[in-house]
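A.B. asks: If you scroll down you'll find the structure; I have some questions about it.
The values are calculated or read from the model by the stated rules, or taken from the named source; none is laboratory data. Here the structure is a predicted model, which means the values were calculated and not measured. Cβ coordinates were reconstructed from backbone atoms using ideal geometry, including for glycine residues, and neighbour counts include every protein chain displayed.
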Amino acid sequence: MSLLVDEADVVDLGLRWTPGFSALGPEFFTELHPSPLPDPYWVGRSAAVARELGLADSWLHSAEGLAAFTGNAAIAGTRPLASVYSGHQFGVWAGQLGDGRAILLGETAGGLEVQLKGSGLTPYSRMGDGRAVLRSSIREFLCSEAMHALGIPTTRALCVTGSDARVRREELETAAVVTRVAPTFIRFGHFEHFAANQRDDELRALADYVIDRYYPACRTTERFNGNAYAALLETVSERTAALLAQWQSVGFCHGVMNTDNMSILGLTIDFGPFQFLDGFDPRHICNHSDTAGRYAYNQQPNVAYWNLFCLAQALLPLIGDQEIAVAALESYKTVFPAEFEARMRAKLGLVDTAESDRALIEGVLKLLAQEKVDYTIFWRRLSGHVAGDNPDSVRDLFVDRAAFDNWLQSFSERRARTPEAQSADLMLKTNPKFVLRNHLGQRAIEAAQQKDFTGVSTLLALLETPFAEHPGHDDFAGFPPDWASTIEISCSS
Ligand code: AMP
Ligand code: MG
């Protein structure tokens, strides 16, 4: 199929657009158009995100929509731009980065920014080609929607389109574009950029924009002597703590927690070499490029705090007092463990709190780690057991049955206070049956590389309702095959 709309270069999607981020002014971005890709095709589409945008579903089934979301046709009412940011990568100051392959189309009247990722060179592309490959685009698309369905704050993805245009990575691959959606794609790195360049006016304008748009309560804070910027830092810090608690509880490794990949709204952003844990190994490193394990699963909460410290440093000219800045970070240390415990209690089906809960949680995590028990399967089987299944299915996951029986005994005693049906219900709504394991993504990707996109849509449907049983799809909820552990996913995307 060829590009049908090369003569109609403007498509009106029927959305109303507002200035949004572009109102900040030219210091913050460069206006430019996406670069077209030849003969695009649909790879994945989310009707749910279309609804969220108020976009008629038909645009995900039309040649005009295909052109618009590949960057081949302009969208009426938008003024596309690439924004500038900086950041710390792997703990080292990296200087200026920016949207090197993402282009913000605009913000809808409903308050959602729409961005194309992989849409060509920008002034911030540095050594890159401005493109994204099909494989990583499918992973980002599916994982965005999987995270959302798990109740975890995240950027969303409307669709992926592909093209046979070649893109060179370790080998030759093909190009794709993901249409991403979020209230804002502003990162810690945006603040770091203006702070590092001593551009205090822009720094203040950015912070004011973020406060007015997303955190208006900071304006009237009584904390920190009414310092709105300290309140901003504290709020972002608490959002980030809550996000990390969710990642840890579901077994999600981000893989590249650089400060430019940290959302100012506490959203999961920039899906690269991420992984949902198979066996529970707290030291698991999902990013093949991360040789030192800086972003290992069990390092994530501390790395987030380190990143918040960078944000604090960037906001210091506005906060004006180092002690206040440090104080604004303090609550991370209490919010993270409290949120994590709350999440784990829900996984255990507990609706009230007890002193002994921490020991119960630590106990089960220690057992899981000792035997690298499959994390998702364990929780789902435990839920099944509380719902009335024979305990053998969960006990069979352990070699050291006696140790597990001991723990199960304390668990049973602890939950005697909660009606069984209530616990079971909570557990089955908290412990997903389906997560985007690497090998599941890989199968869908390999089929898509052969132009069979049914794997992508099947997986999307499962991940959109990950707590449902989906009879007939148990193979998507089983143990990973042996080859899964040989999948190497790096920063290359
Ligand atoms: P990431 O590791 O994907 O978060 O990207 C870090 C920085 O590199 C960001 O500024 C990206 O925009 C940029 N980047 C990554 N891949 C490419 C690419 N293929 N072309 C241009 N810029 C890229
Ligand atoms: Mg990034």
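A.B. asks: Taking interchain pairs and intrachain pairs at least six residues apart, which have beta carbon atoms under 9 angstrom, with the first residue in the stretch 125-136 and closer than 16 Å to S83 by Cα and the second within 12 Å of ligand 2 (Cβ to nearest atom) and of a type in the set (A, V, I, L, M)?
C.D. replies: Here the result reads R126/L97, each pair linking the stretch 125-136 to a residue that is within 12 Å of ligand 2 (Cβ to nearest atom) and of a type in the set (A, V, I, L, M).
A.B. asks: Kindly indicate the residue of the stretch 70-103 that is more than 18 Å from R187 (Cα to Cα) and surrounded by fewer than 18 Cβ atoms within 10 Å (Cβ to Cβ) and also nearest to ligand 1 (Cβ to nearest atom) among those meeting that condition.
C.D. replies: R79
A.B. asks: Any residue in the stretch 148-172 that's modelled with pLDDT under 95: show its pairings with residues that are β-branched (V, I, T) at Cβ separation under 6 Å, as long as the two are six or more apart or on different chains.
C.D. replies: Close Cβ pairs (under 6 Å, with a partner that is β-branched (V, I, T)) do not exist here.
A.B. asks: Which residues, taken from the stretch 299-320, are farther than 30 Å from I285 by Cα and part of a helix (DSSP H, G or I)?
C.D. replies: L315, L316, P317, L318, I319, listed by residue number.
A.B. asks: Follow-up question, since we're still on this one. So, in the stretch 116-163, exactly how many residues are assigned to a loop (DSSP other than H, G, I, E, B), within 16 Å of ligand 2 (Cβ to nearest atom) and under 23 Å from L13 (Cβ atoms)?
C.D. replies: Going through the stretch 116-163 one residue at a time, the tally reaches 4.
A.B. asks: Being within 15 Å of the chain's Cα centre (by Cα), within 16 Å of ligand 2 (Cβ to nearest atom) and modelled with pLDDT of 95 or more is true for just one of F252, F271, F276. Which residue is that?
C.D. replies: Working: F252 fails: within 16 Å of ligand 2 (Cβ to nearest atom); F276 fails: within 16 Å of ligand 2 (Cβ to nearest atom).
The unique qualifying residue is F271.
A.B. asks: Since A304 meets every condition but one in (1) touching a Lys or Arg at 6+ places or on another chain (Cβ under 8 Å); (2) within 16 Å of ligand 2 (Cβ to nearest atom), which condition does it not meet?
C.D. replies: (1)
A.B. asks: Here is a follow-up. Which of (1) in the same structural domain as N258 (by TED's automatic domain parsing); (2) of a type in the set (S, T, N, Q); (3) part of a loop (DSSP other than H, G, I, E, B); (4) surrounded by fewer than 20 Cβ atoms within 10 Å (Cβ to Cβ) is the odd one out, the single condition N287 does not satisfy?
C.D. replies: Evaluating N287 over (1) in the same structural domain as N258 (by TED's automatic domain parsing); (2) of a type in the set (S, T, N, Q); (3) part of a loop (DSSP other than H, G, I, E, B); (4) surrounded by fewer than 20 Cβ atoms within 10 Å (Cβ to Cβ) leaves (4) as the failure.
A.B. asks: Related question: When residues of the stretch 306-327 are filtered for being within 22 Å of Q89 (Cα to Cα) and either of a type in the set (D, E, K, R) or in contact (Cβ under 8 Å) with a residue 40 or more places away in the chain (or both), how many remain?
C.D. replies: Of the residues in the stretch 306-327, 10 are within 22 Å of Q89 (Cα to Cα) and either of a type in the set (D, E, K, R) or in contact (Cβ under 8 Å) with a residue 40 or more places away in the chain (or both).
A.B. asks: Scan the stretch 126-138 and tell me whether some residue there is more than 16 Å from ligand 1 (Cβ to nearest atom) and among the acidic types (D, E).
C.D. replies: No: zero hits.
A.B. asks: Could you go through the stretch 214-231 and let me know if any residue there is buried (at least 24 other Cβ atoms within 10 Å of the Cβ), in contact (Cβ under 8 Å) with a residue 12 or more places away in the chain and outside any helix (DSSP H, G or I).
C.D. replies: Within the stretch 214-231 (the criterion being buried (at least 24 other Cβ atoms within 10 Å of the Cβ), in contact (Cβ under 8 Å) with a residue 12 or more places away in the chain and outside any helix (DSSP H, G or I)), the answer is no, since none of the residues qualifies.
A.B. asks: Tell me, which strands (runs of 3 or more DSSP E) lie completely within the stretch 1-99 with 1 or more residues that are among the β-branched types (V, I, T) and in contact (Cβ under 8 Å) with a residue 40 or more places away in the chain?
C.D. replies: Correct list: 29-31, 41-45.
A.B. asks: Please determine, by comparing only the residues of the stretch 255-268 that are within 12 Å of ligand 1 (Cβ to nearest atom) and part of a loop (DSSP other than H, G, I, E, B), which one is farthest from the chain's Cα centre (by Cα).
C.D. replies: Among those residues, the one meeting the criterion is N258.
Let's see how each residue does on (1) within 27 Å of A342 (Cβ to Cβ); (2) surrounded by 24 or more Cβ atoms within 10 Å (Cβ to Cβ):
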position: I138; (1), (2): no, yes
position: I152; (1), (2): yes, no
position: H190; (1), (2): no, yes
position: D208; (1), (2): no, no
position: T240; (1), (2): yes, yes
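A.B. asks: Same structure again: Looking at the structure I just gave you, is G106 over 30 Å from Q248 (Cα atoms), within 14 Å of ligand 1 (Cβ to nearest atom) and of a type outside the set (A, V, I, L, M)?
C.D. replies: No.
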